[in-house]
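Beneath this line is the structure, given in structure tokens, with notes to follow.
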Amino acid sequence: MEIPDTWAPLLLSAVRDSILYTEGLRQSETIRDKSDYKEHHLQLTQLIEYLKVEYKKIEDEVGLPLDQIL
């Protein structure tokens, strides 16, 4: 799969937002079975770490530093 460089910041911020949302669900008192969210959260955090490494390779081309996205 190839992601256009211009979409890379959007992808990173979307995954970050998903992580934050999932963390909120895991804290929620209305969710009974939190195990599914735990696994999903783990996979999202692994994905964002991978994306960070890949983004660093194209950061200069994109022109937007990683720390400004996250």
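Taken together, the values in this text are just the output of simple stated rules run on the coordinates, not laboratory data. Predicted model only: the values in this text are computed from it and were never measured.
What to note about this one:
- For the chain, the relative contact order works out to 46 percent when only alpha carbon pairs closer than 8 Å and six or more residues apart are counted.
- Computed from backbone phi, the HN-Hα couplings of region 43-56 come to 5, 5, 5, 5, 4, 5, 5, 5, 5, 4, 4, 5, 5, 4 Hz, rounded to whole numbers (Karplus: 6.51 cos²θ - 1.76 cosθ + 1.60, θ = phi - 60°; Gly and Pro given as x).
- Cα shape, region 10-49, gyration tensor, a/c 1.5 rule: oblate
- Helix 8-27 axis versus longest C-alpha principal axis of the chain: approximately 10°, rounded to the nearest ten.
- Stokes-Einstein translational diffusion, the chain - Kirkwood Rh over all Cα pairs, 1.306 mPa s, 10 °C, in µm²/s: 121 µm²/s
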